[in-house]
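> The structure's right below; bear with me while I get my questions together.
The values are calculated or read from the model by the stated rules, or taken from the named source; none is laboratory data. As the structure is a prediction and not an experimental result, all values here were calculated from the model. For neighbour counting, all protein chains shown are included, and Cβ atoms are generated from backbone atoms with ideal geometry for every residue, glycine included. Quick note on the areas: whole protein, heavy atoms, side chains included, nothing else; ligands and nucleic acids left out. Shrake-Rupley method; radii C 1.70, N 1.55, O 1.52, S 1.80 Å.
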Amino acid sequence: MDTTAQTAFPDLRPAAHAVAQLIDGIGDERLGDQTPCPKYAVRELLGHLVGLSTAFRDAARKDLGPTTDTDPGSVLPVLRDDWRTVLPRRLDELAEAWDRPGAWDGATRAGGVAMPAAVAGRVAINELVVHGWDLARATGQEYQPSDASLQVSYELMRPAGDDPSRDGMFGPVVAVPDDAPLLDQVIGFSGRRPGWRPGD
């Protein structure tokens, strides 16, 4: 059996693992802290990560319904009391779902948006990369996604025609030097300042 097409797609495991590594560094006293996402404190950001991991897991499985059809911006995420066990499990399930044959084939939905599965898997990586950075910055932790994950984000979010003035996937693009680290470029494309710190 020819598996070339399947193995050519990016691996979600490194991006999921990078987020999961942050969990132990988040004390309960940090849940109310601000994040680079203006509407989210740490607790809402964690709730969003649980929700997006579930949605994109089900998108990979083509298990379409409430988890894939709900606009994540329609309600403020609510963090479950058992998030410390649920989030790592969801991240594992997300990566495993996109590693299965057929996950990248055909069409699917996430966040109420229909898209090719090959695009949805890349959007999932990008969500993990960007929101992982958000979470790390908000909680004062080191964060370095894999080069492969960053490249997926870079290609997905790079402004069309290299026009830095257009809005990015998450907001207006923030210009960074051309020779900036790839993570900083990705974060700038997402509408965030790479130098953001709590209190900014």
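> Multiply the residue separation of ALA180 and ALA148 by 0.36 nm, subtract the distance between their alpha-carbon atoms, and state the gained length in nm to one decimal.
On the way: separation 32, 0.36 × 32 = 11.52 nm, distance 1.69 nm.
Contour length minus the Cα-Cα distance gives 9.8 nm.
> On to the next question. Would you rank GLU96, GLU29 by solvent-accessible area, highest first, keeping every protein chain in place and using a 1.4 Å probe?
GLU29, GLU96
> What full-extension length gain, to one decimal in nm, is calculated for ALA118 and ASP69 as 0.36 nm per residue of separation minus the Cα-Cα distance?
Roughly 15.9 nm would be gained on extension.
> If each Cα of the range 45-92 is one equal point scatterer, what is log10 of I(q)/I(0) from the Debye formula at q = 0.17, 0.18 Å⁻¹?
Listed by q, the Debye log ratios stand at -0.47, -0.52.
> When ligands, DNA and RNA are left out and all protein chains stay put, how many square angstrom of accessible area per residue does the chain have with a 1.4 Å probe? Present the calculation step by step, with values, prior to reporting the outcome.
Details: 9890 Å² over 200 residues.
That works out to 49 Å² for each residue.
> Just want to confirm a number: the relative contact order over the range 3-87, from Cα pairs under 8 angstrom separated by 6+ residues, in percent. Kindly include the intermediate steps, with their values, before the conclusion.
Values: 48 pairs, mean separation 22.2, N = 85.
Relative contact order of the range 3-87: 26 percent.
> Hey, another quick one. Carbon and sulfur atoms: what percent of the 1.4 Å accessible area of the chain do they account for?
Details: 5030 of 9890 Å².
Taking all protein chains in place, the chain shows 51 percent carbon and sulfur surface.
> Return the distance in nm (one decimal) between the two label points of a simple spin-label model at VAL78 and THR54, each offset 7 Å from Cα along Cα→Cβ.
Result: 1.1 nm between the two label points.
> Of ASP69, ASP105, ASP179, which has the largest mean-square fluctuation in a 10 Å C-alpha GNM of the chain?
ASP179
> Now, a different point. Using a 1.4 angstrom probe on the protein heavy atoms only, could you order LYS39, LYS62 from most to least accessible area? Kindly include the intermediate steps, with their values, before the conclusion.
Numbers: LYS39 170, LYS62 70 Å².
So the residues, ranked largest to smallest area, are LYS39, LYS62.
> Mind telling me which of THR108, THR67, THR85 comes out most flexible in a GNM of the chain, alpha-carbon contacts under 10 Å?
Evaluated over the chain, the most mobile residue of the options is THR85.
> Given a 10 angstrom Cα cut-off, can you work out which residue in ARG158, ARG90, ARG122 is the most mobile in a GNM of the chain?
Maximum fluctuation in the GNM of the chain, among the listed residues, is at ARG158.
> Just by accessible area at a 1.4 angstrom probe, what is the order of GLU142, GLU155 from largest to smallest?
Working: GLU142 175, GLU155 115 Å².
Highest to lowest solvent-accessible surface, that is GLU142, GLU155.
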